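Engineer: For reference, the structure I am asking about is given below.
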Amino acid sequence: NAIYKTPMVTSEDLSDDRWKEKVYSYEGTPRGLDLDVAANMLYWVDDSNAAIYRGSGDGTGSDDFEAVVTGLMEMKDVKLTFDAETGECDRMFISTTFSNSIYTCSCDGDDITEFI
């Protein structure tokens, strides 16, 4: 399985593979994702590995990504919030269907707590 990026704006037909650029390829099932533009970090949920991974937003060092959250079952999406003054990633919010909950933690995966 893989994560691809494509141009954000183009008048070209994006239906063929020539517009896809592979960012990450690994054994897993990538799902919801979010991007920390300021830090150039991509965060994504992998339900089959029960993890949230983080790696370079442009795929440089594509073998160099890390699990920042593990152990939550049936994760579906991750969304980031940012500090209004610094623009740095402040919190992650993670939705799960296993417990029908939303969890929150730091962007490094520390202090995970049930939010809703």
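Residue-by-condition table, conditions (1) within 25 Å of F98 (Cβ to Cβ); (2) of a type in the set (F, W, Y); (3) assigned to a loop (DSSP other than H, G, I, E, B); (4) without any contact (Cβ under 8 Å) to a residue 60 or more places away in the chain:
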{"residue": "A38", "(1), (2), (3), (4)": "no, no, yes, yes"}
{"residue": "Y53", "(1), (2), (3), (4)": "yes, yes, no, yes"}
{"residue": "D58", "(1), (2), (3), (4)": "no, no, yes, yes"}
{"residue": "D63", "(1), (2), (3), (4)": "no, no, yes, yes"}
{"residue": "A67", "(1), (2), (3), (4)": "yes, no, no, yes"}
{"residue": "K76", "(1), (2), (3), (4)": "yes, no, no, yes"}
{"residue": "K79", "(1), (2), (3), (4)": "yes, no, no, yes"}
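Engineer: If you scan the stretch 98-116, which residues turn out to be part of a loop (DSSP other than H, G, I, E, B) and surrounded by 12 or more Cβ atoms within 10 Å (Cβ to Cβ)? Talk me through it step by step, then tell me what you get.
Structural biologist: Step one: of the stretch 98-116, the residues part of a loop (DSSP other than H, G, I, E, B) are 98-100, 106-112, 115-116.
Correct list: F98, S106, C107, D108, G109, I112, F115.
Engineer: Right, here's the next one. Of (1) open to solvent by less than 50 Å² (accessible area, probe 1.4 Å); (2) in contact with a Phe, Trp or Tyr (Cβ under 9 Å, 6 or more places away or on another chain), D47 satisfies all except one. Which?
Structural biologist: (2)
Engineer: Now a separate question. How many residues, within the stretch 55-78, are within 15 Å of I116 (Cβ to Cβ) and loosely packed, with under 15 Cβ neighbours inside 10 Å?
Structural biologist: 1
Engineer: When residues of the stretch 64-75 are filtered for being modelled with pLDDT of 95 or more and charged (D, E, K, R), how many remain?
Structural biologist: The qualifying residues number 0.
The values are calculated or read from the model by the stated rules, or taken from the named source; none is laboratory data. Note that the coordinates shown come from a computational prediction; the quantities given were computed from them, not determined experimentally. So basically every Cβ, Gly included, is an ideal-geometry build from the backbone, and we count neighbours across all protein chains shown. Ligands, DNA and RNA are stripped out before the accessible areas are found, and what is left, the full protein with its side chains, is counted by its heavy atoms. Shrake-Rupley method; radii C 1.70, N 1.55, O 1.52, S 1.80 Å.
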